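Worksheet: the structure to be examined is printed underneath.
Read-outs: derived from the displayed coordinates by stated rules, not from any lab. Predicted model only: the values in this text are computed from it and were never measured. Glycine gets a Cβ as well: all are built from the backbone with ideal geometry, and neighbour counts include every protein chain shown.
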Amino acid sequence: MIVFDKVAVLGYKKKAQQIAETVSSAGIETILYATRKDNVERALQGIGRSIDREIKRWGMTESDKRACLGRITTTAEMKDLADCKVFIEACGTDMEKKQKVMRKIEHTCREVDIYITHISIRSVTEIAANSKLGGKVIGIHFLEPVPKIPVVELVRGMHTDDQTVGIAKEFMARLGKTSVEVFEYPGYITNRVILPFLNEAMYVLMEGISSAEDIDTAIKLGFNMPQGPLTLADKVGLDEVLRRMENLFDELGDFKYRPCPLLKKMVRAGRLGRKTGQGFFKYESEDEYTD
């Protein structure tokens, strides 16, 4: 039985911050690692701001904040992770960077029980290729915002063993997440289903069938959804939606994954959604959960 008393989160951007906040909020000692001390310190400040927003919404208290931040330590020294056994890598989408971090863990850490790589489109098998960790590597797709979304996708690579899947499910349950198991395939479940939905809404707008506001209203009220597809695309980030659509199109070659020309036009114009203040809609301030 694995004791989840200490977890290392590798990365410093928004996704790593969200994951570290989630792990710490579950009462687990968390080590947040990045190669530069200033980056990891800014990451800790970002977690503090995230909790402050929840305090304003009455979702957390000042006491919760002190407890959560008190369980997070930061480091830019790989040697400080030597006695960790549970790792979550959230270093972005660059394959070379992901593999480089994994090699560092292999050479530094004496014993690894599970190595989780956060992925949304990347191949677990490719990330773990030639790794000494072998069957202990598993992909997990954390949906945003990580502290609030109750489901994760567990993605098995070709070498991921059953014991690792079991450990991952147990760990995610400790974090309050429901796990759905996915065998590696482009897009997994969530991206495979949601991206064509968002893309089609963009075609409806581009073809002049209706306005952005009315498209979102129709889908939101007609299907009892919390938000419309164009609002959701803005929240994810239009550059991120385009990147994922292009990946699916390249991998599968199916025209249903061909990005809408309007999406490409928006990205070229720098209208990326909430994070730039302008997407299909205008925004007063940056959304707290965009990368």
(i) 21.0; (ii) 18.9; (iii) 20.0, with the label sought being that of the calculated Kirkwood radius over Cα pairs in Å: (iii)
Extension reserve of the Ser210-Lys264 stretch, reckoned as 0.36 nm per residue once the Cα distance is removed: 17.5 nm
Given charges at beta-carbon only (K, R positive; D, E negative), |dipole| of the chain in Debye: 500
Loop-exposed chymotrypsin sites (Phe, Trp or Tyr not before Pro) per DSSP, neighbour cap 12 Cβ within 10 angstrom, longest uninterrupted part of the chain: 59-222
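Give me the tail of P(r) for segment 190-276 as a percent: Cα-Cα pairs with distance above 20 Å.
Details: 1082 of 3741 pairs.
Considering segment 190-276, 29 percent of its Cα-Cα pairs are separated by more than 20 Å.
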Centre separation in Å (Cα based) which lies between segment 42-89 and segment 240-260: 35
Under the Karplus curve 6.51 cos²θ - 1.76 cosθ + 1.60, θ = phi - 60°, whole-Hz ³J(HN,Hα) for segment 63-70, x wherever Gly or Pro sits: 5, 4, 4, 4, 5, 5, 5, x
Under-5 Å amide H pairs with Thr117, H placed in peptide plane, nonlocal only: Glu89, Ile138, Gly139, Ile140
Long-range amide H partners of Gly273 with built H, under 5 Å: Leu238, Gln278, Gly279
Inter-label distance for Phe223 and Ser63, nm, one decimal - labels placed 7 Å from Cα along Cα-to-Cβ: 4.3
Amide H contacts under 5 Å for Thr74, placed H, 5+ residues apart: Leu32
Cα-based reach from Lys256 at 16 Å (exclusive), listing lysines while leaving out same-chain residues under 8 positions away: Lys264
Karplus-derived HN-Hα couplings along segment 256-264 (A = 6.51, B = -1.76, C = 1.60, θ = phi - 60°), whole Hz, x at Gly and Pro: 5, 9, 6, x, 4, x, 5, 4, 4
Estimated distance in nm for a label pair at Glu111 and Asp94, the labels positioned 7 Å out from Cα along Cα-to-Cβ: 3.4
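Report the GluC sites (Glu not before Pro) located in segment 177-284 that are in a DSSP loop and have at most 13 other Cβ atoms inside 10 Å of their Cβ, or state none. Working shown, then result.
Working: sites: Glu181, Glu184, Glu200, Glu207, Glu213, Glu240, Glu246, Glu251, Glu284; in loops: Glu184, Glu207, Glu284.
Within segment 177-284, the qualifying GluC sites (Glu not before Pro) (loop, at most 13 other Cβ atoms within 10 Å) are Glu207, Glu284.
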